[in-house]
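Report on the structure given below.
The values are calculated or read from the model by the stated rules, or taken from the named source; none is laboratory data. What you see is a predicted model, and the numbers here were worked out from it, not measured in a lab. Note that each Cβ is placed from the backbone with ideal geometry, even for glycine, and that neighbours are counted across all protein chains shown. The accessibility values were calculated without ligands, DNA or RNA, using every heavy atom of the protein model including side chains. Shrake-Rupley method; radii C 1.70, N 1.55, O 1.52, S 1.80 Å.
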Amino acid sequence: MSETWNVARYLIHRLDQLGIDNLFGVPGNHLGPFLEVLAEERAAGRTKLTWIGTPTEVGAGSAADGYARIRGVGAVAVTYGVGAFSLLNPIGGAYVEEIPLIVLNGTPTYEQWLNLRSIGLITSHMSQRFESNLDVYRQVTADAQAISIGGLAPRQIDGALSVCLSTRRPVYLEVTEDVFKAECAAPQGEIEATPRGSNRSLLKSAIEAAVAKIRASRRPILWGGEEIDRLRLADDFQSLVDETDLPFCTTIGAKSILSENHPRFHGVYNGKASLPEVRRMFKDVADLRIGLGAWSTSKNLGGDVDLGEDWIKAAHEGVTVGSRFFPKVQLGDFIRGLRAALSGPRLAASGEDYYQAGIGQSADAPESRVEFLASLSETDGAAPDAASMAAIAGFATIPAMAETATPGPPLTYDNLFARINQFLDEATEGTGVGATNPYYVVSDAAFALLGSQNLHRVERRSFFAQNAWLAIGYSVGAVTGVKLARPDKRSLVFVGDGSFQETCQEMSSHARLRHDTVVFVLNNEDFYGIEQMLVHPCFYAGQEPEAYYNILHPWNYARLAEVFGSEKTPMTGFDVGSFAELEEVLRTIADPGHAANRGPILVQVRLARLDYPAAIDYAVEEKCRGANPR
Ligand SMILES: Cc1ncc(C[n+]2csc(CCOP(=O)(O)OP(=O)(O)O)c2C)c(N)n1
């Protein structure tokens with residue numbers, strides 16, 4: 001290995017060590033020297049790092065975010081000012097959603113800064129505020145460093161990367177253009193997350209308080225959240241479930257942390273937007289809710305709150321038991337502590353029912369788990385299986401298609417997602433928690449998210465949405481990173497028409513990279529539906545007109561395939577206006593021999609402006625007098 005190190009090479013080496021194979025971005029002259037060194041390093045066989053140029057910085061940031069959600073960490077590089085400010089939105093999202101990203105920003109040279117200071121000369125993309133980029137990124141990163149001296153770069157880079165891994169949040173490195181090739185010391189060792197331990201006595205107190213509350217309850221339920229995903233605690237969570245036999249829901253943000261075939265899984269709890277059966281169990285049947293790594297966000301709570309004596313919550317390195325708070329407790333320690341405390345030898349040895357074995361032995365007569373489960377389901381007392389979950393979701397309403405090609409009933413959000421659910425299930429191989437499915441689902445915000453939240457995902461970590469930050473259009477860029485991180489899976493994206501208009505050009509990356517991603521553009525007659533629902537829901541009860549600002553310019557979405565595709569990099573567009581056309585497209589997608597599957601597919605699905613997913617019925621019912629409940 002060559003002995004000479006410079007700042008760019010140092011950084012590339014560190015990205016390699018972190019397992020980052022793809023660097024997303026949009027170039028600019030200030031980034032030029034870095035990209036030259038990258039080419040040299042690749043030519044010398046010293047790095048696998050591959051540059052993935054995307055049409056926009058928002059797309060690059062979203063792709064890096066999607067990549068990092070799967071691989072654990074991602075990176076994005078842009079140019080000063082114009083690029084960096086465009087990238088701000090996805091980095092804000094990664095900050096809020098705790099996605100570790102490394103942002104590299106190439107800045108003007110030292111000489112150019114001196115020119116600005118001495119004679120006021122503004123080089124392209126500079127602002128008069130010397131620290132404008134740095135200051136802005138300090139708001140959305142865990143560490144922000146300006147590197148202008150080669151000799152100091154190793155310390156600044158390593159420090160920031162270590163913060164990135166330890167806090168699971170983005171970090172920002174700006175490097176002056178002329179310093180990328182400046183000499184620096186060789187890297188030492190590897191960068192690792194600093195382990196964060198719990199305070200032993202607070203951990204013990206938190207577990208004791210939680211166990212006492214659980215034992216005093218009769219019907220506790222777990223609520224697995226996003227930190228189980230971010231901290232890779234799925235195995236610990238599953239052990240807790242298996243050994244205690246407690247039922248669990250997840251947040252939308254943690255959807256598919258465990259296989260949704262798990263017998264104790266009871267659906268995605270999202271407040272009033274949950275399936276009625278899920279909400280009934282979570283809110284009415286269960287008498288204690290135990291949030292593990294679940295964040296208090298509006299999309300996780302759908303109009304509800306998670307406060308009170310009937311809640312235990314562990315998140316953000318602390319535990320709340322009713323009104324008591326225990327800081328400095330790590331989620332992993334807490335989950336493992338609960339498991340040890342709740343699954344004593346009595347349970348394991350006797351194989352006895354969880355409730356009969358102690359928990360629930362309050363002053364009241366204990367209720368057996370069988371009774372508890374029976375109360376969850378009117379039928380046989382068992383946890384709902386995939387079919388009954390689908391039925392609960394309204395997924396039983398899939399119209400039966402006649403053999404002959406009739407257009408079928410009008411497409412709606414609910415029957416569309418019912419059919420997609422069936423389509424996904426048809427592709428599943430195997431049963432139980434070991435089942436596999438070839439598809440990865442990425443949902444955008446708005447009605448798409450409400451529709452896709454109950455899709456049945458049999459594999460762990462096979463669904464995500466940017467469900468706290470909720471920048472519309474995120475999914476179309478993010479899925480570029482998903483496919484690069486999980487080439488073995490085929491991604492399905494669900495995105496509203498307004499959201500798609502934000503980032504549609506990111507589909508050109510899908511075509512360029514010959515990804516087989518399928519993007520379903522849900523076109524409710526050129527309309528920002530959720531905005532209408534949030535501000536003036538009574539439009540949906542026929543009581544007021546649509547707001548002018550929610551009306552979009554109509555596009556011919558399917559024809560974007562002609563714009564982004566080429567002979568070498570094909571892309572196919574479909575326009576689906578009926579159930580029969582949907583069937584035809586699904587048959588095409590499932591046919592590996594079909595030419596359309598050589599590249600990405602865009603499916604415009606035409607829905608009515610007045611339609612919306614049943615999950616948000618409650619908004620119309622609560623706010624519009626006399627509205628007909630469906
Ligand atoms: C980047 C960004 N800009 C604006 C918003 C505000 N916003 C939230 S949802 C929405 C409309 C989404 O419309 P569409 O994609 O057509 O989906 P629908 O609501 O019809 O399901 C808007 C504008 C946002 N969340 N993100």
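Mind listing just one residue for me: the one in the stretch 581-630 that is over 24 Å from D516 (Cβ atoms), assigned to a helix (DSSP H, G or I) and open to solvent by less than 70 Å² (accessible area, probe 1.4 Å) and, of those, farthest from the ligand (Cβ to nearest atom)? My answer is Y618.
Table: residues versus (1) of a type in the set (A, V, I, L, M); (2) within 25 Å of P195 (Cα to Cα); (3) surrounded by 18 or more Cβ atoms within 10 Å (Cβ to Cβ); (4) in contact with a helix residue (DSSP H, G or I) (Cβ under 9 Å, 6 or more places away or on another chain).
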position: T250; (1), (2), (3), (4): no, no, yes, yes
position: V268; (1), (2), (3), (4): yes, no, yes, yes
position: G293; (1), (2), (3), (4): no, yes, yes, yes
position: G308; (1), (2), (3), (4): no, no, no, no
position: A314; (1), (2), (3), (4): yes, yes, yes, yes
position: L331; (1), (2), (3), (4): yes, yes, yes, yes
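R461 fulfils the conditions (1) within 16 Å of the ligand (Cβ to nearest atom); (2) at positive phi; (3) charged (D, E, K, R) except for a single criterion, (1).
Scanning the stretch 63-73 turns up no residue that is open to solvent by 40 Å² or more (accessible area, probe 1.4 Å), within 16 Å of the ligand (Cβ to nearest atom) and at pLDDT 95 or above. Do we have any residue at all in the stretch 108-119 that's crowded, with 22+ Cβ neighbours inside 10 Å, at pLDDT 90 or above and either within 18 Å of P55 (Cα to Cα) or of a type in the set (K, R) (or both)? Scanning the stretch 108-119, I find no residue that is crowded, with 22+ Cβ neighbours inside 10 Å, at pLDDT 90 or above and either within 18 Å of P55 (Cα to Cα) or of a type in the set (K, R) (or both), so the answer is no. When M533 is tested against (1) under 16 Å from C624 (Cα atoms); (2) without any contact (Cβ under 8 Å) to a residue 40 or more places away in the chain, exactly one condition is not met: (2). Of the conditions (1) in contact with a strand residue (DSSP E or B) (Cβ under 9 Å, 6 or more places away or on another chain); (2) part of a helix (DSSP H, G or I); (3) more than 19 Å from A63 (Cβ to Cβ); (4) of a type in the set (F, W, Y), F539 fails just one. Which one is it? The number of the failed condition is (1).
Note on the stretch 150-181: residues that are without any contact (Cβ under 8 Å) to a residue 40 or more places away in the chain, open to solvent by 40 Å² or more (accessible area, probe 1.4 Å) and out of contact with any strand residue (DSSP E or B) (no Cβ under 9 Å at 6 or more places or on another chain) total 2. For the stretch 35-61, taking the residues that are part of a loop (DSSP other than H, G, I, E, B) and more than 18 Å from L173 (Cβ to Cβ), the one that is most open to solvent (accessible area, probe 1.4 Å) is identified as K48. Over 24 Å from Y95 (Cα atoms), hydroxyl-bearing (S, T, Y) and surrounded by fewer than 24 Cβ atoms within 10 Å (Cβ to Cβ), is that true of S259? Against the criterion (over 24 Å from Y95 (Cα atoms), hydroxyl-bearing (S, T, Y) and surrounded by fewer than 24 Cβ atoms within 10 Å (Cβ to Cβ)), S259 qualifies. Determine if the stretch 551-564 includes at least one residue that is of a type in the set (A, V, I, L, M), within 16 Å of the ligand (Cβ to nearest atom) and surrounded by fewer than 21 Cβ atoms within 10 Å (Cβ to Cβ). Yes, there is a match, as at least one residue in the stretch 551-564 is of a type in the set (A, V, I, L, M), within 16 Å of the ligand (Cβ to nearest atom) and surrounded by fewer than 21 Cβ atoms within 10 Å (Cβ to Cβ). Inside the stretch 14-34, residues that are in a helix (DSSP H, G or I) and surrounded by fewer than 19 Cβ atoms within 10 Å (Cβ to Cβ) make up a count of 4.
Can you tell me which residue is farthest from the ligand (Cβ to nearest atom) among those in the stretch 518-546 that are among the aliphatic types (A, V, I, L, M) and exposed (fewer than 14 other Cβ atoms within 10 Å of the Cβ)? Filtering the stretch 518-546 for residues that are among the aliphatic types (A, V, I, L, M) and exposed (fewer than 14 other Cβ atoms within 10 Å of the Cβ), the one farthest from the ligand (Cβ to nearest atom) comes out as V535. Taken over the stretch 477-498, the criterion of being within 16 Å of the ligand (Cβ to nearest atom) and either open to solvent by 10 Å² or more (accessible area, probe 1.4 Å) or closer than 14 Å to A64 by Cβ (or both) is satisfied by G477, A478, V479, G496.
Checked against the criterion of being within 11 Å of the ligand (Cβ to nearest atom), open to solvent by 10 Å² or more (accessible area, probe 1.4 Å), more than 21 Å from A254 (Cβ to Cβ) and touching a residue at least 60 places away in the same chain (Cβ under 8 Å), the candidates E502, E426 yield just one match: E502.
Of the residues that sit in the stretch 505-514 and are of a type outside the set (A, V, I, L, M, F, W, C) and surrounded by 24 or more Cβ atoms within 10 Å (Cβ to Cβ), which one is nearest to the ligand (Cβ to nearest atom)? Within the stretch 505-514, the match that is nearest to the ligand (Cβ to nearest atom) is E506.
When the strands (runs of 3 or more DSSP E) confined to the stretch 396-496 are screened for residues that are modelled with pLDDT of 95 or more and closer than 14 Å to V518 by Cα, those reaching at least 2 such residues are found at 439-443, 490-496. Scanning the stretch 429-453 for residues that are over 18 Å from D235 (Cα atoms) and away from the ligand (no atom under 16 Å from the Cβ) returns E429, G430, T431, N437, P438, Y439, Y440, V441.
Can you find a residue that is among the aliphatic types (A, V, I, L, M) and assigned to a helix (DSSP H, G or I) anywhere in the stretch 514-529? No, the stretch 514-529 contains no residue that is among the aliphatic types (A, V, I, L, M) and assigned to a helix (DSSP H, G or I). In the condition set (1) hydrophobic (A, V, I, L, M, F, W, C); (2) closer than 30 Å to H536 by Cα; (3) in contact with a strand residue (DSSP E or B) (Cβ under 8 Å, 6 or more places away or on another chain), M571 is compliant with all but (2). Pairing each residue of the stretch 85-99 that is touching a residue at least 12 places away in the same chain (Cβ under 8 Å) and over 14 Å from G59 (Cα atoms) with any residue that is aliphatic (A, V, I, L, M) and more than 13 Å from the ligand (Cβ to nearest atom), provided the two are 6+ apart or on different chains, yields C-beta distances under 6 Å for Y95/V140; I99/A68.
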